[in-house]
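Quick notes on the structure that follows.
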Amino acid sequence: MADAPFADPPVQLAQQMLSALGVKTVYSKIFPAEVADYKAPADQVAASGAQIVILGSTDVPTVAAFMQAFEQQHYTPKLFLCAAGPDQGSAFLSAVGKGNAIGMMVPNGWYPGFNDPASQTLISEYVAKYGGTPSGVSADVAEAYSVGQVMAQAITATGGTDNAKIISYLHGNVTLASVQGPVKFDSLGENAVSDAFVFQWQTGDVFNQVLPATAAGSKTIIGTKPAWTS
Amino acid sequence: MAREIYQAIVDGILIGGVYALMAVGLTLIFGVLDIINIAQGILVVLGAYLSYGLAARLHIDLFVGLLITVPAMFVLGVAIQWSFIRPLRGRERTSMTLLVSYAIALIIEGILYEVAGPNVRELNAWYVTKSIHLFGFYLAYIYLFGFVMAVVLVLALYALLYRTGFGRSVRATMQDETAARLIGIDTNRVAALTFGIGVAVTAAGGMMFGATNGGFNPNSGYDLISRLLAIIILGGLGSIGGALAASVFMLTLQSLVDIWQPQWATAVFYAALVLVLLVRPTGFFGRAPVRAQ
């Protein structure tokens, strides 16, 4: 995993949970986030023959580099999850190819199919303006839009842009609306009412919610990643 | 463990070839013009974009496309030298060239953002993801081809420098620009052509970077420049063969460290530079030995 604050926590949590279930870790290393070439560490992962790869990635190039090295090594893990990268919609697809994207998974709190009227409006308007498909819309779009929504509500409620008042308001146990769902900040500034899901690229260039399997909207997970197609 | 070490050495050598392609232009330009071209990172990225444009729009193979991108980058290099570097004179020339080349980098980056946008691109071809099984290892064709290209390019540059009249002019300018002018060498022309050649070979490095890095966007050049500078300093500023040797050395070392402690790989990369310079301040093939050839 990359030495990055947003990349490591989900990987470490997943490792703890899987270990508790009896899954053996065969490779676990931290590499610098700014490393310019991932072939060597990716080849080490491939040599380990791990059945599940959970990559603490920060962006699309990191994931694409690992995928490329895995394909060069004729190694396909059964499950391949990344902390970030596959949530970048068409940017991810264009970098790794539609065939190779199938089975790639990423944890997040939102995806283009999120069943929320405001989110669906955002998606339809975004696609109408920039083209592409709903699955091709990056999670960054909703995240950035949500920031604007939260700030707009805070400014409206406090009657201005006074920083101290906005901070006080946001930490005042208030629940706000966003295209990602409700927002309520706890004492650490984390959204205490957000949901977490795992999403997966599936056949037909669609990006679906797959875990928790019992959650509303979850599709059947592709349990074995198909072989590389390029 | 032995297998992991062998794999790391193979990886380091092959990746070193890629870095050599990106670094030789930088060291060649320094050797003749005594300037550090801060724009080298973005020129690598530009080379990747040119290859991407030819592959995506015209379906031209990445290596065949070099027949177009290398001359195009040569012309760009000559134009940059003529427009931005040549007018700089006086005692502040070296420091000014740092600023000017940084400005060039920003201009090219801005143009790339405007033309290509911020999305990540990747160069694809059959040999990018395919590999051959040799001696128990899967060796990716792209790295094999890239390494061969690096060796060929280095040999070609040596032939140019040591077997041609132009090369004699270049070496004379490297040794003493004033004396070169006194014996009738048009040093302005030599400088422009050398800068052009340095940028031209970077097109090959850019293509390899774009095909092996997992993707690139206009912002991808910044991580590169510090590593390329470390490589050419270790190889010996101005030494083309040194750039290849240093690339292979540094990337092999990094790959070996990756086996045990990947988080230290970058630090070791630069620590090795410091340690080698303590023992050999001119790098592997410092200026004096190179110019004595």
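Set against the 2.2 N^0.38 Å expectation for a compact globular protein, region A:1-155 has a Cα radius of gyration ratio of 1.14. Here region A:56-198 is treated with +1 on each Lys and Arg Cβ and -1 on each Asp and Glu Cβ, and its dipole about the Cα centre works out to around 160 debye. Each of B:VAL154, B:PRO218, B:THR187 was scored by the projection of its Cα onto the charge dipole of region B:125-245, and the greatest displacement toward the positive side belongs to B:VAL154; charges sit on the C-beta of Lys, Arg, Asp and Glu.
Relative to the longest principal axis of the Cα atoms of chain B, the long axis of helix B:141-163 lies at roughly 20 degrees. Place a point 7 Å from the Cα of A:THR121 along the Cα-to-Cβ direction; which residues of region A:158-181 have their backbone N under 15 Å from it? Hits in region A:158-181 for A:THR121 at 15 Å: A:177-181.
With a Förster radius of 51 Å applied to the beta-carbon distance between B:ARG57 and A:VAL26, the computed FRET efficiency rounds to 0.75.
Between the residues A:PRO107, A:PRO9, A:ASN173, the greatest Cα displacement towards the positive end of the dipole of chain A, with unit charges on the Cβ of Lys, Arg, Asp and Glu, is found for A:PRO107. Across the cross-link table entries A:LYS129/A:LYS219; A:LYS24/B:LYS130; A:LYS78/A:LYS98; A:LYS129/A:LYS184; A:LYS98/B:LYS130, which are compared at the Cα atoms, the separations over 20 Å belong to A:LYS129/A:LYS219; A:LYS24/B:LYS130; A:LYS129/A:LYS184.
Using every pair of separate Cα atoms, the Kirkwood estimate puts the hydrodynamic radius of chain B at 19.4 angstrom. For A:LYS39, a cut-off of 12 angstrom between C-alpha atoms picks up these aspartates and glutamates, skipping any fewer than 8 places away in its own chain: A:GLU71, B:ASP11, B:ASP258.
Taking 0.36 nm per intervening residue step and subtracting the Cα-Cα distance, what contour gain separates A:ALA164 from A:VAL193 on full extension?
Computed gain between A:ALA164 and A:VAL193 is 8.1 nm.
What are the semi-axes of the equivalent ellipsoid of region B:205-282, taken as the square roots of 5 times the eigenvalues of the Cα gyration tensor, listed largest first and rounded to whole Å?
21, 17, 11
Which of the three applies to region B:94-189, rounded, prolate or oblate, going by the alpha-carbon gyration tensor with a ≥ b ≥ c and a/c under 1.5 meaning rounded? The shape class here is oblate. Spacing of the modelled spin labels on A:MET151 and B:ARG163, each 7 Å from Cα toward Cβ, amounts to 6.2 nm. Here is the size of region B:1-53 from its Cα atoms: Rg then Dmax, 15.2, 46 Å.
Top mean-square fluctuation among A:LEU81, A:LEU176, A:LEU18, Gaussian network model of chain A, C-alpha springs under 10 Å? Largest GNM mean-square fluctuation: A:LEU18.
Across B:LEU157, B:LEU275, B:LEU251, mean-square fluctuation computed from a Gaussian network of chain B (C-alpha pairs under 10 Å connected) peaks at B:LEU275.
Farthest toward the positive end of the dipole of region A:50-187, out of A:PHE70, A:THR58, A:SER187, is the Cα of A:PHE70, where the dipole comes from beta carbon charges about the Cα centre. Rounded, prolate or oblate: which fits region A:1-57, taking a ≥ b ≥ c as square roots of the Cα gyration tensor eigenvalues, rounded meaning a/c under 1.5, else prolate when a/b beats b/c? Taking the square roots of the gyration eigenvalues as a ≥ b ≥ c, region A:1-57 is oblate. For A:HIS171 and A:ASP140, what is the calculated FRET efficiency with R₀ set at 22 Å and r taken between the beta-carbons, to the nearest 0.05? That gives a FRET efficiency of 0.30. Taking only the C-alpha atoms of the protein assembly as shown, the Rg (one decimal) and the largest Cα-Cα distance, Dmax (whole number), read 25.5, 84 Å. Helix B:62-80 and the long axis of chain B differ in direction by around 30°, with both axes built from C-alpha atoms.
Gain on full extension, evaluated as 0.36 nm per residue between B:TRP126 and B:ALA271 minus their Cα-Cα distance, stands at 48.5 nm.
On a C-alpha basis, how far is the centre of region A:74-129 from the centre of region B:36-108 in Å? Whole number, if you could? A separation of 35 Å, based on Cα centres. The tail of the calculated P(r) for region B:25-137, taken as Cα-Cα distances beyond 18 Å, holds 59 percent of the pairs. Computed from Cα positions, the angle between helix B:187-212 and the longest principal axis of chain B comes to roughly 10 degrees. Within chain A, the whole DSSP H helices whose Cα atoms reach 15 Å or more along their own axis and whose mean Kyte-Doolittle score is at least 0.5 are A:60-72, A:139-158.
Read-outs throughout are calculated quantities, based only on the coordinates presented, and are distinct from any laboratory measurement. Because the structure is a prediction, the values reported are computed rather than measured. Virtual Cβ from ideal backbone geometry, glycine too; neighbours counted across all protein chains shown.
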